[in-house]
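Enquirer: Got a structure for you, written out below as structure tokens; questions coming shortly.
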Amino acid sequence: MTSQRRVISIQPGQPASDGAGVRLNRVIGGPGLERFDPFLMLDEFSTDNPDDYIAGFPPHPHRGFETITYMLEGRMRHEDHLGNVGLLGSGGVQWMTAARGIIHSEMPEQESGAMRGFQLWLNLPAKDKLGEAGYRDIPATDIPRINTASGAEVVVIAGEFDDGEIRQAGAVQRPHTQPQLFDLNLPAGSQVSPRLADGQRVMLYVYQGLLELPEASTQPVSAGRLVRLSDEGELHLASAHGARVFLIAGTPLNEPIVQYGPFVMNSREEIEQAMRDFRDGVLA
């Protein structure tokens, strides 16, 4: 009999502020919040109050990793020093590869209404950290959306969704970290069983409703909590009352991680070089 993935921990995020005062829920990567290689940080932004987001994220640098922004509701404009411009709307994704360096801004294009979504930081392998920077704007219409036999809806952002009956490649593929990023909408009474490779780190962030896990000793997981699962076994998820879940899985790099703010490298010397390059205007 195939084993189930075990629950290692269930933890809430922590209130945080970033950019020019944008209020966030930091789920991974804050003080006391462990990183889960290859993922460095996960922020949730969810508010109807424009005072929480209107100042946005003025120009700032990055080096050594990728940022993935998934917008549920709202509009955010990206501009960077390479000349890329993109408008992230509801259901869209921005995938930015900072690599050797990028300076960008992310500014709201609305003065009122809901602003909801996620930003995930995905590490790059050492050999790619000083590679070419890049940017991709993916509208909602270009992101596969499927319905399973049990009635679950799956937005396949990255990787490949496979439940034994349906296989669907996502909008983005990455060969080294192999991220699997799925937005799962589980109506009341539905279930889903995505197949994930053994050895991958798997996390579930419940952002709406209640999620049931297969372990009998585990109570339903409420919104605002991250579930970390073991690296092997099958995964079966269900919701008696309905839930929205951001599934995040990826293959660890098992390389040293040295971070200083927006720079993530493999050594202190590389971080110091990034700071010098930014100071001297030669980050990219």
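The values are calculated or read from the model by the stated rules, or taken from the named source; none is laboratory data. Note that this is a predicted model, so its numbers are computed, not measured. Cβ atoms come from the backbone with ideal geometry, glycine included; neighbour counts cover every protein chain shown. To get the accessible areas, we keep the full protein, side chains included, count just its heavy atoms, and leave off ligands, DNA and RNA. Shrake-Rupley method; radii C 1.70, N 1.55, O 1.52, S 1.80 Å.
Enquirer: Rounded to a whole number, what is D in µm²/s for the chain from Stokes-Einstein with the Kirkwood radius over alpha-carbon pairs (20 °C, 1.002 mPa s)?
Expert: It diffuses with D of about 111 µm²/s by this estimate.
Enquirer: Pop a pseudo-label 7 angstrom from the Cα along the beta-carbon direction at both E165 and E153 and give the gap in nm to one decimal.
Expert: Distance between label points: 1.8 nm.
Enquirer: Taking 0.36 nm per residue of separation and subtracting the Cα-Cα distance, what length does fully extending Q273 through A55 add?
Expert: 75.5 nm
Enquirer: Where Rh denotes the Kirkwood radius from the mean inverse Cα pair distance, what is Rg over Rh for segment 125-175?
Expert: 1.11
Enquirer: Separation of segment 196-223 and segment 76-155 by C-alpha centroid, Å?
Expert: If we compute the Cα centre of each part, the gap is 24 Å.
Enquirer: Over segment 1-139, what per residue volume does the convex hull of the Cα atoms give, in whole Å³?
Expert: So the per-residue Cα hull volume is 139 Å³.
Enquirer: Tell me the per residue accessible area of segment 7-274 using a 1.4 Å probe; a whole number in Å² is fine.
Expert: 41 Å²
Enquirer: Shifting gears a bit: Can you give the extra length, in nm with one decimal, that the chain gains between V85 and S230 once fully stretched, where that is 0.36 nm per residue apart less the Cα-Cα distance?
Expert: 48.3 nm
Enquirer: Also, quick follow-up: Can I get the semi-axes of segment 175-230's equivalent ellipsoid? Compute them from the C-alpha gyration tensor as square roots of 5 times the eigenvalues, in angstrom, largest first.
Expert: Taking √(5λ) for each eigenvalue gives 21, 13, 12 Å, largest first.
Enquirer: Where the Cα atoms of segment 107-215 are projected onto their three principal axes, how long is each span, largest first, in whole Å?
Expert: The Cα atoms of segment 107-215 stretch 46, 43, 27 Å along their principal axes.
Enquirer: In addition: Taking each pair of different alpha-carbon atoms in segment 213-284 once, compute 1/r for the pair, average those values, and report the inverse of that mean as the Kirkwood hydrodynamic radius in Å to one decimal.
Expert: Mean inverse Cα-Cα distance, inverted, gives 16.4 Å.
Enquirer: Helix 268-279 sits at what angle to the longest principal axis of the chain, using alpha carbons and giving 0 to 90 degrees rounded to 10?
Expert: Helix 268-279 and the main axis of the chain meet at about 60 degrees.
Enquirer: Still on this structure, I have one more. Just the number, please: carbon plus sulfur as a percent of the accessible area of the chain, 1.4 Å probe, no ligands or DNA/RNA counted.
Expert: Ligands and nucleic acids excluded, carbon and sulfur give 47 percent.
Enquirer: Something else: What would the Debye equation give as log₁₀ I(q)/I(0) for segment 28-90 at q = 0.28 Å⁻¹, counting only Cα atoms as equal point scatterers?
Expert: Debye intensities relative to I(0), on a log10 scale: -1.34.
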